[in-house]
1. Has segment A:190-204 got any residue that is of a type in the set (D, E, K, R), free of Cβ contacts under 8 Å to residues at least 12 places away in the same chain and over 26 Å from B:VAL257 (Cα atoms)?
2. Just checking, does segment B:58-70 include any residue being closer than 22 Å to A:PHE118 by Cβ, in a helix (DSSP H, G or I) and open to solvent by less than 50 Å² (accessible area, probe 1.4 Å)?
3. What are the residues in segment A:365-379 that are crowded, with 23+ Cβ neighbours inside 10 Å and assigned to a loop (DSSP other than H, G, I, E, B), if any?
4. In this structure, does B:VAL122 turn out to be surrounded by fewer than 21 Cβ atoms within 10 Å (Cβ to Cβ), within 26 Å of the chain's Cα centre (by Cα) and either among the aliphatic types (A, V, I, L, M) or assigned by TED's automatic domain parsing to the domain that holds B:ASN26 (or both)?
5. Could you count how many residues in segment A:396-431 are assigned to a loop (DSSP other than H, G, I, E, B) and over 22 Å from the mean Cα position of the chain (by Cα)?
6. When you go through (1) crowded, with 20+ Cβ neighbours inside 10 Å; (2) out of contact with any Cys (no Cβ under 9 Å at 6 or more places or on another chain) one by one for A:MET139, which number turns out not to apply?
7. Please note which helices (runs of 4 or more DSSP H) are completely contained in segment A:174-280 and include at least 2 residues that are within 14 Å of chain B (Cβ to nearest Cβ) and surrounded by fewer than 21 Cβ atoms within 10 Å (Cβ to Cβ).
Amino acid sequence: MELRETTALLDGILREQGIGKYTYTLSESEKQELNIENGGFKLLRTVFGKAGSLKVFTDGRMGSASGNDLTEAGLRKLAGAAKTAAESASEDPCHDIAPDQGKEVFRQGEYKPDLDRFIERIREFLETAAKEYPEVRIMSGIGSFDRWHRIMRNTNGTEFETFAGQYGFSIEICASDGEKTTGLDYTGVSMKDLDTPFMELGDLRRHLEDIRKSISPETLQGKFTGTVVMTPGCAGEFLSMLLSNYIGEGVVINGTSLWLDKVGEKVASEKLTVSLKPYDERIVIGERATANGFRSEDVTLIDRGVLKTHRLSLYGANKTGRPVVKNTGGDLVAEPGDKTLAEIIAGVDRGLLLGGFSGGEPGTNGEFSGVAKNSFLIENGEIRCAVTETMVNGNLEDVFRRIRAVSKELLCDGDTVMPYIAADGIVVSGK
Amino acid sequence: MLQDIIGAKKDLFAEGVQTVLRAHENRTRQVALLKGNLIRNNRSEAAGISARVNNRGTFGFASIAEYTPEAAEKVIRAATENALSLGRHSGRNIALPPSVGTGTVALNAEIVDTDQKTIIDVCRTVDNYIEKKYPDLTSRTVIYTEDSQDRIIYSSDACSGHLVTPRCYIYVMMSAETKDGVPVELFKAFGGFGGLKDYFTDPESLYPGIDELYRKLMDKKEGVYAETGYRTVVLGGMMGGMLAHEAVGHTVEADLVRGGSVAGPNLNRQVASELVNLVDFAHTWQGGTVPLPVYLDDEGTKAEDAPLIRNGILVGYMNDRESAAEYGVRPAGNARAWAFSDEPIIRMRNTCILPGKNTVEELIASVDDGYYLVNSGNGQADLTGEFMFGVTCGYEIKNGKLGRALLDTTVTGVAFDMLKTVDMVSNEVEWSSSGFCGKKQRMAVGMGGPHMRCKIMIGGR
C-alpha cells in the first residue's frame, strides 16, 4: 500500500472511531549502511523501515501511540491504543495542535543515492587516512545513506509531505605509536552530495591531526583558573547544555529555570549570537515541520548576548502563557567572531584547547565538572602538550558571560555551524 | 507476545555461511507527570524481522519492518547478498567460528501488558503523595517507563529460542532550592525485570524510598562543593556498578580490545587490587536471577557467565562468536541487538564487582578525611580506561563519620590504576538495571557492585 493510501485509510479509521481531533505522521524509510572496523569493510546493512505516530485528543485529553505496522490491522491497533491512552488521561486543554498551515511538499537532499560512488569516497578516505596519518587507527566507521518519505497531517487541515535523503559518515579513532595508545575520539558529517572528498569535510582532518598529537599526553599537577578554548564540537556540546538547562521546556514549565524572567535581558557576552536555522544552506536536512505541526522557522535564541526567547512547544506555551517557538529541531548556528583561532590561542596565558567534555549532566544551577577529553594545554600563547586526567569545572552561565573571543573559523558538519569559543575563569585541575 | 511464523524459513539459509534469523518486537509504555501535568502518555510497539549472514569475516544484515513469512524470506536473501557483495570488496577471508552447541532455549518469562489507565493512576497516586507530603519542593516529576524485548531466534549452526526481557520503572525526581535560590535535584528509580504488577500494584510500597529521597535532597540543599583533588573515598554500591560497567566493562569488550583498548596488553596481568573480582553475569547469581537475565544471545549462543577479573587479575574479555574464535575462547553470549533493525554487537549483560568481607559501616569509619559517594547520574569511559562519573549524591566523611552533603560533582580516574587502590570491599551488592548503555545502539543492561574504599580524583571548586 502506498503511503498516501495509508493516510486515507488511517483517516477513515479515526473517523470511524469517532475521533475528531488528531495529528499523525506516517513514514517509510530505507537505510544503506557500510560499517568499518579497524580500517576495513566489515558489515553491509540494509534496513527497510516504516513508522507511524499518532496523537489524539478527546474531550481535552491527549493520548499518543506509535508503531511500525501500517497494515489496516496495525492502523486499527494504533488508533485504538492512542484513543485508550487519551481516555485514560486527565483533561488538560494545553495539549493542542497547530492551526492550519496549509499543504506543502518538501524535497530535501538526495533521494536516489549513488552507492558505488559513496563506497569509493569511503575507500578514498580510508586510504588517505592510512597514508597521511599512519599512527591513527580508524577503529570503527559508519557510512550511511538514509532516505525517507513522510506525511504529517492534522485535523486543522495541515499536510506536510517530505521526500528527503542524506549521506552520513562518522568515525571513531585512536592513535598508537606501537606502545602507547590514545583515548577515543569521534567525529562525523552529513552530506547532500558526494562532490567533496570526506577528508576535507567538517573537521575530520583536524580530528586526525589532533589524535596523532595525543599519543604522549601529560598529567597536570595542581589546579589553576584559566581560559578554555572550546573546539566547535565542544562549543556545540556546551551550548546545547546551556539551552537545555536555561531555556528548555521542562525547566520553564516547572519554574526552575534561572532565566525564567530574563527574556529581553542580557544573559551572555555580546559576542554570542546563536540561532536555530533550518533553512541555512549549510544545514543538510533542516527541520521543515515542528513536532506540533507548525511550519518551522529560523529562530534566534540569543542575539549579541540578549535572550530572545525560551524554547517552548505549543504545549509549553499554552501551559505558561509564553510564546510558542516554531522550531523543535537542532539546527544550531552560532555566528563567527573577529579573530582567527591562531590569534585567540596567541592571547591565552594559561588554559586548555578543549576538544571534548565528559562530565556529569549539569543540574539547573548550571554547575558542571568533568574530564577534558582530546585536549591540549596552552601556555604563553602556544599549544604545549596533550593532557590526560585533567578536569574542568565551572558554571554554564558564567562560561558564556565570560566569552573572551569567538573565532572567524566555522565548523560546518551538515547539522550545525559552530565556531571556536574561548571563555575565561574556568577551573582546570590535574592530579 | 510474538507467535513463531519464521521457523520454516531456516531451509532458505545459504550453504557455506553462518546465518541468524530473528523476529523481534520492542514495546514501550510511557507516562510522565511534571508537577502533576501529564506531559507524556504513549504506547509504542515496533516489530520486524532481520537476518545476519557471516561470509568468512564479512557480514551482511537486512531487516524489514514487517512480521510475515515473506519478510523473513526477503531479509535472508538480502542479508546473504549483502554479505557476498561486501566480501568481494573487503578482501577478508576468516574461517567461520566453530559451533558451540545447538538446541532450543525455552521461553523464560511472559510479557504482561498493563492498560494505560492503570499506569496513569499509579503515577497520580505517587505524585499526589509527594505533592501533599512535600509542598516545599520547587518541582517534582514522576515518570513510568516500561520496555520489553520479545525475540525469536533461529541460527544455522547455533541455538534457537524464544526469549523475552520485560522491565519497568518509576522514576521520581525532586527539585528544591538552596537558601541562595540555587536549584538542586535528586532522582531515584524503582522497579526492575517484569511488569507493573510485579512492583507497583501497591504504590505505598514506594513511599519509604520517596521519603528517603526527600531527606537526601534536604541534605543536598545545605550541601557544599567537594574539594577538588585526589581523595580517599567510599564508593557506594551504585557507584561500584557504574565502575564495573563504564570503567572496566567497556575496555574488555573484545571489539574495543581489537581497537586498541588498555585491556589488550593486560590480559593475565594484575590490573586491580586482589580484593577486586568482576563478572559479567548471564542470568543467575547466588541462586537468584540477576536484574536483566540473558539466556540466549542474538547469534544463538547460549549465555554463560563471563569472568573478567579474578583476584585483581584480568582473566578474560566479552566476545561474540568471531572474536571468541580469534582469542581462542568459548563465547559466552554477549552478542546482543536492541531492536529488530539492529545487528548484534558485543554488549554487557549484568556486570558486577563481587562483594568482599567488610561492612559498609567499617568502610566509612575507616576514613579520616574523604567522601562517601552514594549515587551517580551518568558515566563514560575511554579506551585507556580513563573514566568519568557524575556524582549526584554524596557526603563528606570526617573522622569516620558522615558530614555535610555534596552538591553535584564528577569523579575521574584511570580504571586499572584506580582499582589498585581498592583496599576495603563491603559484603553486599547493590544492583541497578534501569538505564541504557549506548554503543551504536542502545541496550538495557544491569550493573552492580559493593561499597569500596579507594582513591579517586574528584572535581569541585
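The values are calculated or read from the model by the stated rules, or taken from the named source; none is laboratory data. Every value quoted in this text rests on a predicted model; they were computed, and no experiment measured them. Positions of Cβ are generated from backbone atoms using ideal geometry, with glycine treated the same way; all protein chains shown enter the neighbour counts. These area figures cover heavy atoms from the full protein model, side chains too; ligands, DNA and RNA do not enter into them. Shrake-Rupley method; radii C 1.70, N 1.55, O 1.52, S 1.80 Å.
1. Looking for residues that are of a type in the set (D, E, K, R), free of Cβ contacts under 8 Å to residues at least 12 places away in the same chain and over 26 Å from B:VAL257 (Cα atoms), one finds at least one in segment A:190-204, hence yes.
2. No; the residues of segment B:58-70 include none that is closer than 22 Å to A:PHE118 by Cβ, in a helix (DSSP H, G or I) and open to solvent by less than 50 Å² (accessible area, probe 1.4 Å).
3. A:ASN374, A:SER375, listed by residue number.
4. no
5. Of the residues in that region, 3 qualify.
6. (2) is the only condition that A:MET139 fails.
7. Once the helices (runs of 4 or more DSSP H) in segment A:174-280 are filtered for at least 2 residues that are within 14 Å of chain B (Cβ to nearest Cβ) and surrounded by fewer than 21 Cβ atoms within 10 Å (Cβ to Cβ), what remains is A:232-247.
Residue-by-condition table, conditions (1) outside the structural domain of A:PHE106 (by TED's automatic domain parsing); (2) among the β-branched types (Val, Ile, Thr); (3) modelled with pLDDT of 95 or more; (4) within 22 Å of the chain's Cα centre (by Cα):
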position	(1), (2), (3), (4)
A:LYS223	yes, no, no, no
A:PRO232	yes, no, yes, yes
A:VAL252	yes, yes, yes, yes
A:GLY255	yes, no, no, no
A:VAL274	yes, yes, yes, yes
A:ARG295	yes, no, yes, yes
